[in-house]
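**Q** Could you have a look at this structure, given as structure tokens, before my questions?
The values are calculated or read from the model by the stated rules, or taken from the named source; none is laboratory data. Nothing here was measured: the structure is a model prediction, and the numbers come from that model. Reconstructed Cβ throughout: ideal geometry from the backbone, glycine too, with neighbour counts over all protein chains shown.
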Amino acid sequence: MKTTKLVSTKKSSFLILGLFFSLFFTSNMKAQEIKIEGIIKGKNFEKTETLNGANIFLQGSKTGTTSNKKGVFTFPKKLKIGDILVFSYLGYVTKKIKITKNSTFLNITLTEDENQMLGAINTNKRYKSKRN
């Protein structure tokens, strides 16, 4: 009779310890999720200005947002440490930022991309068809 009581107390103690550790690890993972806010600016040759409608999205997913008229954004999902946010805007170089423990407010500055406009070559020759 002593052996059955000893086995049942060991099972209950393992069950309680297992519940404790599972609660500890899940609560620790929740603590690592971070809400991200920030402002995004664009730097061109003359000045730095806020970017209206800049794209911010989580790399490898379809989750994202855009900045408002003042360049301010709030990411709609809480992110984990190590996630990568991608910032892009037409005419500017795309920037990737890795989320750390201190990344609650981001101040991002994109630099202007050097694009050359392609156009027609200006010539004085008339076009001649090679057909007969």
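**Q** What number of residues in region 36-66 are farther than 16 Å from V86 by Cβ and either of a type in the set (A, V, I, L, M) or not assigned by TED's automatic domain parsing to the domain that holds N102 (or both)?
**A** 1
**Q** Are any residues in region 81-95 under 8 Å from the mean Cα position of the chain (by Cα) and not acidic (D, E), and if so, which ones?
**A** Within region 81-95, I84, L85, V86, F87 meet the criteria.
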